[in-house]
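To start, the structure itself, in structure tokens.
Just so it is clear, none of the values below were taken in a lab; they were calculated from the coordinates. Computed from a prediction, not measured in an experiment: that's the story for all the values here. Cβ: placed from backbone, ideal geometry, glycine included. Neighbour counts: every protein chain shown.
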Amino acid sequence: MFSEKKINLRIPGPTPCPQEVLEAMSGEMIDHRGPEFAQLIQSVTSRLKQVYKTQNDVLILTASGTGAMEAAIVNILSPGDHILTVSIGAFGERFVAIAKTYGAHVHQLQFKWGTAADPDAITRILTRDAQIKAVFVTHNETSTGVTNDLAAISKAVLRYEKLLIVDAISSLGCIDLDTDRWGCDVVASASQKGWMAPPGLAFISMSARAWHAYQRAEMPKIYWDLGKALNFLEKGQTPWTPAVSIFYALDKSLELMLKEGLSNIFERHKRVAQRVRVGLEALGLSLFADKHYASNTVTSVNSPESSELVRELRKKGVVVAGGQGMLEGKIFRIGHMGYVSEADVDECLEALKEVLGRR
Ligand SMILES: *Cc1c(COP(=O)(O)O)cnc(C)c1O
């Protein structure tokens with residue numbers, strides 16, 4: 001492999017996988033149109049729904065998370081449709097870019113990076129603009145380390161009967177998201193974030209209202225056609241060749257997740273995140289995100305010398321992420337989602353202490 005030394009991978013995806021998950025992936029290939037795969041996809045899908053807390057359809061795409069974001073847009077919108085994008089960072093802007101590329105009329109609501117979205121500001125726009133059909137929100141903004149109050153946002157959106165599309169790529173499976181109770185019509189996630197599996201699969205849930213929109217949606221699509229994906233799922237298949245090995249991995253990781261229990265997982269992420277924040281402040285570092293909305297899956301740290309710190313940490317076997325977009329060179333980020341324990345983040349904090357102490 002690339003290194004004999006064990007790497008402490010503390011970036012916000014891809015995230016480390018348990019040994020059992022890695023071993024599950026070494027299974028031989030199977031016929032993706034045969035009975036074994038049908039059993040596998042049905043079992044994985046029904047457990048994904050438990051984590052999503054939904055009765056809605058959940059479809060599995062061979063893609064990264066961005067594929068599920070693009071699928072959300074092309075399956076519910078037509079060119080010229082008015083949408084509201086609520087952006088608090090780089091990933092919020094990605095929805096804007098995809099929607100514009102396909103010809104949507106995008107109303108942008110942007111908040112200062114590091115802060116959360118204000119549900120009242122969403123309400124004010126929806127009161128004014130009756131044309132808006134759907135609202136796009138990032139649950140957990142990975143570029144800034146901020147978690148939006150999705151429950152409050154969903155109330156504002158549902159009052160106006162707009163479709164609610166959620167990027168939950170770095171939150172689902174780590175931070176509570178109640179798809180059905182909060183009325184989220186479309187929720188996207190991806191295997192390499194909180195799911196303790198490698199990159200390669202993306203997930204997307206579709207409510208009855210979302211399927212209703214699908215019937216009228218005229219944006220072009222072939223690979224991302226979710227109607228096709230649903231038809232094939234009924235036969236225990238996917239329209240195109242799936243990443244079979246990642247299905248093996250996910251089958252195992254979902255088993256581990258449900259064994260731990262969702263509320264225990266959420267508590268673990270809360271505990272680990274709190275430990276990271278306290279530890280960083282004890283090292284004299286300041287946190288970038290508004291502390292009332294600080295994420296339990298990724299922590300952003302102010303540092304004008306972030307690029308150097310990232311490099312120094314890497315030499316010690318601890319891999320953290322730099323800033324994205326306008327935050328490049330200004331912050332670094334520590335990922336703590338999925339397969340993460342107190343010991344993992346303690347090791348990261350210890351390495352950081354040594355690196356800081358040497359200057
Ligand atoms: C990682 C991430 C994405 C993009 O996912 P890819 O798998 O890299 O395509 C989108 N949104 C959020 C919030 C993310 O954390």
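For the range 163-192, name all the residues that are away from the ligand (no atom under 14 Å from the Cβ), surrounded by 24 or more Cβ atoms within 10 Å (Cβ to Cβ) and charged (D, E, K, R).
Asp185
Pick out the one residue from Phe232, Phe247 that is more than 23 Å from the chain's Cα centre (by Cα) and farther than 21 Å from Tyr102 by Cα.
Phe232
Might you check whether a residue that is within 16 Å of the ligand (Cβ to nearest atom) and closer than 20 Å to Ser143 by Cβ occurs anywhere in the range 14-33?
yes
Name the residues in the range 29-63 that are touching a helix residue (DSSP H, G or I) at 6+ places or on another chain (Cβ under 7 Å), more than 15 Å from Asp251 (Cβ to Cβ) and among the charged types (D, E, K, R), would you?
Of everything in the range 29-63, those that are touching a helix residue (DSSP H, G or I) at 6+ places or on another chain (Cβ under 7 Å), more than 15 Å from Asp251 (Cβ to Cβ) and among the charged types (D, E, K, R) turn out to be Asp31, Asp57.
Out of Ile88, Ile132, Ile175, Ile169, I need the residue that is more than 21 Å from Gln324 (Cβ to Cβ) and aliphatic (A, V, I, L, M). Which one?
Exactly one of Ile88, Ile132, Ile175, Ile169 is more than 21 Å from Gln324 (Cβ to Cβ) and aliphatic (A, V, I, L, M), namely Ile132.
Any chance the range 34-56 includes a residue that's over 21 Å from Ala151 (Cα atoms) and either within 15 Å of the ligand (Cβ to nearest atom) or not in a helix (DSSP H, G or I) (or both)?
Scanning the range 34-56, I find at least one residue that is over 21 Å from Ala151 (Cα atoms) and either within 15 Å of the ligand (Cβ to nearest atom) or not in a helix (DSSP H, G or I) (or both), so the answer is yes.
For the range 139-151, indicate whether the set of residues that are away from the ligand (no atom under 16 Å from the Cβ) and not acidic (Asp, Glu) is non-empty.
Within the range 139-151, one or more residues are away from the ligand (no atom under 16 Å from the Cβ) and not acidic (Asp, Glu).
Report, by residue number, each residue of the range 97-134 that is within 16 Å of the ligand (Cβ to nearest atom), among the hydrophobic types (A, V, I, L, M, F, W, C) and buried (at least 18 other Cβ atoms within 10 Å of the Cβ).
Ile98, Ala99, Phe111, Trp113, Ala116, Ala117
Please identify the pairs in which a residue from the range 17-32 that is farther than 21 Å from Trp240 by Cα has its Cβ atom under 6 Å from the Cβ atom of a residue that is of a type outside the set (Asp, Glu) and not in a loop (DSSP other than H, G, I, E, B), counting only partners at least 6 apart or on another chain.
Glu20/Lys252; Val21/Ala249; Val21/Lys252; Val21/Ser253; Ala24/Tyr248; Ala24/Ala249; Ala24/Lys252
What are the pairs with Cβ atoms under 7 angstrom where one residue, in the range 328-350, is β-branched (Val, Ile, Thr) and the other, located anywhere, is surrounded by 17 or more Cβ atoms within 10 Å (Cβ to Cβ) and in a loop (DSSP other than H, G, I, E, B)? Sequence gap at least six, or different chains.
Listed by first residue and then by second, the contacts come to Ile331/Phe288; Ile331/Ser303; Ile331/Gly323; Val345/His336.
Here are the criteria: (1) part of a strand (DSSP E or B); (2) more than 21 Å from Asp149 (Cβ to Cβ). Tell me which single one Ser300 does not satisfy.
Unmet condition: (2).
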